[in-house]
Amino acid sequence: MAKNTSAQSRSGAAKTAGRPGQVRIIGGQWRSRKLPIQDLEGLRPTTDRVRETLFNWLMGELTGARVLDCFGGSGALALEALSRYAAYARIFELQNGAAQQLKTNLASLKCTQAEVFQGDTLQWLARGTDQGFDIIFIDPPFRKGLAQQCLDALVTHGWLNPGALVYLETESELGAPAVPTHWQELKHKQAGQVSYRLYRCGEPL
């Protein structure tokens, strides 16, 4: 989760000022590890309940996968994927403090198969990539119009491998985004004010 105005500041309620936060890894090689997160305005890790559902959906898909976390924030999604043996994760994060904390947490886990790119997600995506990704997490700050822009940029600039899985977490009142007709919505659930979906990217017709 992360931040952007073109930029970002992770969706949902800000944490209580002055209280250092933690994110807990649910499963995999780092199961139950608790890692510190920055006390930054708008930083909202995906809840344990939603993460557990998501990674149940992704069971069997993570081992050896290349993962892209478009709005890193606490790193909860990328770290969970790496804990479950994803081969590589690239994390975009606007806020410098959160990006530095992510690097520190990766170092504490002795994880060398991840990279954190500090800066505006949409600008990073516009640069394109020479190697696509298998699993993409999109959990932007709420009410900034970033979800659709991010989806469009991923398609336009070649970030998606054939058959890639795209996870999208948005405010529930937003409704379904516009996705290519060859994408298939595999899962859709709602938890309070959060709506979350999983898509499979098919081949263009």
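What do you reckon, is ALA78 within 17 Å of ARG33 (Cβ to Cβ), open to solvent by less than 30 Å² (accessible area, probe 1.4 Å) and at pLDDT 95 or above?
On the way: within 17 Å of ARG33 (Cβ to Cβ): yes; open to solvent by less than 30 Å² (accessible area, probe 1.4 Å): yes; at pLDDT 95 or above: yes.
It is true that ALA78 is within 17 Å of ARG33 (Cβ to Cβ), open to solvent by less than 30 Å² (accessible area, probe 1.4 Å) and at pLDDT 95 or above.
From the list LYS110, LYS144, which residue is out of contact with any Asp or Glu (no Cβ under 6 Å at 6 or more places or on another chain), open to solvent by 50 Å² or more (accessible area, probe 1.4 Å) and without any contact (Cβ under 8 Å) to a residue 24 or more places away in the chain? Step through it out loud before you land on a result.
Numbers: LYS144 fails: without any contact (Cβ under 8 Å) to a residue 24 or more places away in the chain.
It is LYS110.
Tell me, which residue of the stretch 156-188 that is open to solvent by 50 Å² or more (accessible area, probe 1.4 Å) and in contact with a Phe, Trp or Tyr (Cβ under 6 Å, 6 or more places away or on another chain) is nearest to TRP124 (Cα to Cα)? Spell out how you get there, then give the answer.
Narrowing the stretch 156-188 to residues open to solvent by 50 Å² or more (accessible area, probe 1.4 Å): 156-157, 162, 173-174, 176, 178, 181-182, 184-188.
With the extra rule that they be in contact with a Phe, Trp or Tyr (Cβ under 6 Å, 6 or more places away or on another chain), the set shrinks to 185, 187.
Values: GLU185: 26, LYS187: 28 Å.
By that ranking, first place goes to GLU185.
The values are calculated or read from the model by the stated rules, or taken from the named source; none is laboratory data. From a predicted model like this one, the values you see are computed outputs, not experimental measurements. Glycine also receives a Cβ, built like all others from the backbone with ideal geometry; neighbour counts cover every protein chain displayed. Each accessible area value is taken on the protein alone, full model and side chains, heavy atoms only, with ligands, DNA and RNA left out. Shrake-Rupley method; radii C 1.70, N 1.55, O 1.52, S 1.80 Å.
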